[in-house]
Amino acid sequence: MDFTIIKNLIDLVEKFYQDNANSYYTKDIAGFRNWIYDQESDKRRKGENDPAWEGKEFGRSPESVISTLLVHLNRYAKTYSKSAIADSDFHTQEEFIYLINLKSFGSMTKMELIRKNVQEKPAGILIINRLIKQGWVEQTNSDKDKRTKVLKITEAGLEALEHQMDKIRAATTIVTGNLNHNEKMDLIRLLDKLEQFHHPIFSRNIDSHKLIETVLKDYPFGKN
């Protein structure tokens with residue numbers, strides 16, 4: 001029996017752990033797969049010219065461009081989301097995103113829901129209170145611990161969500177613009193890689209005054 005492929009796989013896993021010493025990738029199959037994809041992408045890109053961007057000739061960094069484009073895209077997405085909930089009882093896009101999460105992932109505590117939406121506690125509590133007042137969300141006792149309250153989407157919440165879903169789906173389709181399927185898959189991989197980097201930092205609730213200093217010290221990055 002030829003064990004060459006097994007030996008090659010072991011060598012590849014060993015290289016993955018060596019390259020991933022700073023935990024850029026999750027140490028599981030998903031992280032291994034993303035690492036392989038990035039390795040192949042780097043090979044494909046060799047010899048290709050970098051894209052042009054505004055201010056490049058004056059020394060504007062790629063990091064600056066990426067940050068600006070992400071901010072712009074977030075604003076564009078909010079504009080379409082605002083249109084999707086126009087003439088409805090929703091006040092913000094966060095309200096229907098909270099409902100979508102409760103519908104998709106089931107009951108959860110207030111803080112679990114707030115963290116899933118990557119928001120700070122005061123803003124998240126205000127959204128949840130509006131949803132409860134609207135009758136779209138209710139608090140119930142946890143099946144695991146009767147002392148714990150969990151949030152659950154109500155029938156009225158499901159109906160409100162369903163009533164707007166066509167417009168919401170249209171808005172999300174517009175946000176992806178003129179990307180083809182392969183480009184969307186590439187973008188998902190890249191954005192998920194950034195999500196895997198930033199989410200643990202956000203979860204630490206680091207004081208704003210120390211955030212940048214702490215991240216620069218504790219999270220080596222930018223070398224892949």
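Computed from the coordinates by the stated procedures, all read-outs in this text should not be read as laboratory data. For clarity, every value in this text was computed on a predicted model and none was experimentally measured. Quick reminder, even Gly has a Cβ in these numbers, built from the backbone with ideal geometry, and neighbours come from all protein chains shown.
Brief remarks follow.
- Cα-based convex hull volume of the chain per residue, rounded to whole Å³: 219 Å³
- Three-way shape call for the range 54-100 based on the alpha-carbon gyration tensor, with the a/c threshold at 1.5: prolate
- Cα-based reach from LYS7 at 30 Å (exclusive), listing lysines while leaving out same-chain residues under 8 positions away: LYS15, LYS27, LYS43, LYS46, LYS193, LYS223
- Counting lysine pairs in the range 55-122 whose alpha carbons fall under 26 angstrom apart, excluding pairs fewer than 8 residues apart on the same chain, gives 11.
- Shape of the range 61-175, Cα gyration tensor, a/c cut at 1.5: oblate
- Neighbour-count ranking [beta-carbon atoms within 10 angstrom, fewest first] of TRP53, TRP136: TRP53, TRP136
- Size of electric dipole in the range 170-224: Cβ of Lys, Arg +1 and of Asp, Glu -1, about Cα centre, debye, nearest 20: 100 debye
- Among 81-93, 172-184, sorting by the average number of other beta carbon atoms lying within 10 angstrom of each residue, highest first, gives 81-93, 172-184.
- Remark: the chain carries a charge dipole of roughly 480 debye about the Cα centre, counting +1 on each Lys and Arg Cβ and -1 on each Asp and Glu Cβ.
- Sparsely packed trypsin sites (Lys or Arg not before Pro) within the range 135-168, loop by DSSP, other Cβ within 10 Å at most 16: LYS144, LYS146, ARG147
- Whichever aspartates and glutamates have a C-alpha closer than 13 Å to that of LYS152, once near sequence neighbours (fewer than 8 apart) are set aside: GLU112, GLU138, ASP143
- Here the range 61-175 is treated with +1 on each Lys and Arg Cβ and -1 on each Asp and Glu Cβ, and its dipole about the Cα centre works out to around 360 debye.
- Selection among ILE201, LEU190, PHE96 by position relative to the dipole of the range 86-224 gives ILE201 as farthest towards the positive end (Cβ unit charges, Cα centre).
- The listed peptides 7-16, 117-126, ordered by packing as a protection proxy, come out as 117-126, 7-16 (highest mean of other Cβ atoms within 10 Å first).
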